[in-house]
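The values are calculated or read from the model by the stated rules, or taken from the named source; none is laboratory data. Since this is a predicted model, take the numbers as computed values, not measurements. Every residue, glycine among them, receives a Cβ derived from its backbone with ideal geometry; neighbour counts consider all protein chains shown. Surface areas here come from the heavy atoms of the whole protein model, side chains and all, with no ligands, DNA or RNA. Shrake-Rupley method; radii C 1.70, N 1.55, O 1.52, S 1.80 Å.
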Amino acid sequence: MIEHYECIIIGGGIAGLQAAVQLGRYKHNILVIDSNDGRSNLCKGYHNILGWPDGVSGETLRSLGKIHAQRYRVQFQTDKVVQVRQEQELYIVTTEAGTTYKANIILLATGVMDRLPNILHIKDGLGLTVYVCPDCDGYEVQHKCVLVLGAGKTGAEMSLALTYWTKDIVYINHDGTPIEDELQKKLHAAEISYINEKIEEVLTEDGSFFQGVRLQSGKIVSGERAFIAFGGNHVRNELAEQLGVSLQPNKHIITDPRTKETNIRNIWVAGDIAIHSEQVTIAMGEGAQAAIWIHKRLLEEQENRRSN
C-alpha cells in the first residue's frame, strides 16, 4: 500500500524544516523527503540569524530543526524525489530509490546550489572564511584583504559590491570570461586588482584560517578572506517544471506573495527556489508562511469532504 500524507515537503533545508515544524504543530501528517545535499549542508557559519550572535553552522541548524520537527511526529526520509505527478485530486511522488507516496499537498523547498568549480579546498571554509553572499557576510570582511574568486561579470560585480566593506580587493577571474570595457573601468576606478588566471587551490587550515590561493601558474595570491562569485547557480526547479509551475526567466519559481502557493493548485514553494533575496531568515519565514496557508487549505478540503 502506498503511504498517504496530508503534505509532503520535498527538501529538508531551512525552509523545509521550518515548514515541517509549523505543520507538525498543527498536528498534520507530514513527510519530509530530503536528498541531504543542499546548500545549507555546506555552510559552516551563518552570521546574521537572530539568537546566534557568534554564528551557527548549517549542519547544526538542520540537525536541531529535524529534532524539533520530529517532536511533532513529522516523518523524514533520506531520498531524492525524481517525479511528482497529479492523479485526480492527489499528487504521486516517486523517489530515486523507487518508493512511491501520495499527498494532498506538495511543498517544494529544493533550493539552489552554488556553482563551485573543481578547486582544491574551496568548500573547506564556506561560511567561516570563504563567503557567498555579501548581504550575509560583507560585515565579516570589513577592512580586510579580500580575494574574489569568480568569473566574468558576476565576479566583477561582486568585487564592486564589496567596496562598501573594504578597499583591499583582488578579483581573480577563474574562468577567464571577458569583462566589458565599462565594467573594467569601474574596477580600475575602485582600485581593485585584477588577475585573469585559473585557481588551483584555496590555501587554508581546516577552513578556519584562510591564507590565499595558489594559481595555475604556481603563483600564490595572499588574502585574509574570500568571496565566491562564479554565477551559473543551479536553481533546483525540475519538479516544478514537471508540474507546469510558472517560472521567472531566471528559473526561480513564481508564487502568490501572500500564500506562497504556485499557479498549480496545492503546489507550494518556499526558500531559495522562490523569488527573494537568498537569505536563511527569509527562507525560514517563507517556510512558516507557506505552512500556515497549507494548513488553511487542508482544513478547507476536510470541510468540503464532510459536506459532500
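Taken over the range 44-60, the criterion of being open to solvent by 20 Å² or more (accessible area, probe 1.4 Å) and under 17 Å from Ile282 (Cα atoms) is satisfied by Tyr46, His47, Asn48, Leu50, Gly51, Trp52, Gly55, Ser57. Scanning the range 266-290 for residues that are of a type in the set (S, T, N, Q) and open to solvent by less than 30 Å² (accessible area, probe 1.4 Å), we see that the one that is modelled with the highest pLDDT is Asn266. Residue pairs whose Cβ atoms lie under 7 Å apart, sitting 6 or more positions apart in sequence or on different chains, and linking a residue in the range 33-51 that is over 15 Å from Gly207 (Cβ atoms) and touching a residue at least 12 places away in the same chain (Cβ under 8 Å) to a partner that is of a type in the set (Val, Ile, Thr) and open to solvent by 30 Å² or more (accessible area, probe 1.4 Å), are Asp34/Thr78; Asn36/Thr78; Ile49/Thr281.
Here the condition is being among the polar types (S, T, N, Q) and under 25 Å from Val56 (Cα atoms); of Ser277, Ser307, it holds for Ser277 alone.
Across the range 199-213, which residue is least open to solvent (accessible area, probe 1.4 Å) among those that are of a type in the set (D, E, K, R) and touching a Lys or Arg at 6+ places or on another chain (Cβ under 8 Å)?
Residues of the range 199-213 of a type in the set (D, E, K, R): 200-201, 205-206.
Keeping just the survivors that are touching a Lys or Arg at 6+ places or on another chain (Cβ under 8 Å) gives 200-201.
Details: Glu200: 73, Glu201: 34 Å².
Among residues in the range 199-213 that are of a type in the set (D, E, K, R) and touching a Lys or Arg at 6+ places or on another chain (Cβ under 8 Å), the one least open to solvent (accessible area, probe 1.4 Å) is Glu201.
The number of residues in the range 122-150 that are open to solvent by 10 Å² or more (accessible area, probe 1.4 Å) and either more than 18 Å from Ser57 (Cα to Cα) or of a type in the set (Val, Ile, Thr) (or both) comes to 5. Across the range 62-113, the number of residues qualifying as touching a residue at least 60 places away in the same chain (Cβ under 8 Å), surrounded by fewer than 17 Cβ atoms within 10 Å (Cβ to Cβ), more than 24 Å from Gly45 (Cβ to Cβ) and within 18 Å of the chain's Cα centre (by Cα) comes to 0. Among the residues making up the range 253-268, a single one is within 18 Å of Asn104 (Cβ to Cβ), in a loop (DSSP other than H, G, I, E, B) and of a type in the set (A, V, I, L, M): Ile264.
The criterion of at least 2 residues that are among the charged types (D, E, K, R), under 22 Å from Asn233 (Cα atoms) and in contact (Cβ under 8 Å) with a residue 12 or more places away in the chain is met, among strands (runs of 3 or more DSSP E) falling completely within the range 130-219, by 199-205. When you look at Gly155, is it farther than 17 Å from Leu215 by Cα, small (Gly, Ala, Ser), under 26 Å from the mean Cα position of the chain (by Cα) and crowded, with 18+ Cβ neighbours inside 10 Å, yes or no? The answer is no for Gly155. Residues satisfying the criterion are absent from the range 103-126 (criterion: assigned to a helix (DSSP H, G or I), more than 30 Å from Ala240 (Cβ to Cβ) and of a type in the set (A, V, I, L, M, F, W, C)). Among the residues of the range 33-41, none qualifies, meaning not one is more than 28 Å from Gly127 (Cβ to Cβ) and modelled with pLDDT of 95 or more.
For (1) in contact with a Lys or Arg (Cβ under 9 Å, 6 or more places away or on another chain); (2) surrounded by fewer than 17 Cβ atoms within 10 Å (Cβ to Cβ); (3) at pLDDT 95 or above; (4) farther than 21 Å from Leu42 by Cα, each residue gets a yes or a no:
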| position | (1), (2), (3), (4) |
| --- | --- |
| Arg225 | yes, no, yes, no |
| Phe230 | yes, no, yes, no |
| Ser246 | no, yes, yes, yes |
| Pro249 | no, yes, no, yes |
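Taking the range 244-265 as the range and being within 25 Å of Leu298 (Cβ to Cβ) and either charged (D, E, K, R) or in contact with a Cys (Cβ under 9 Å, 6 or more places away or on another chain) (or both) as the test, the residues that pass are Asp256, Arg258, Lys260, Glu261, Arg265.
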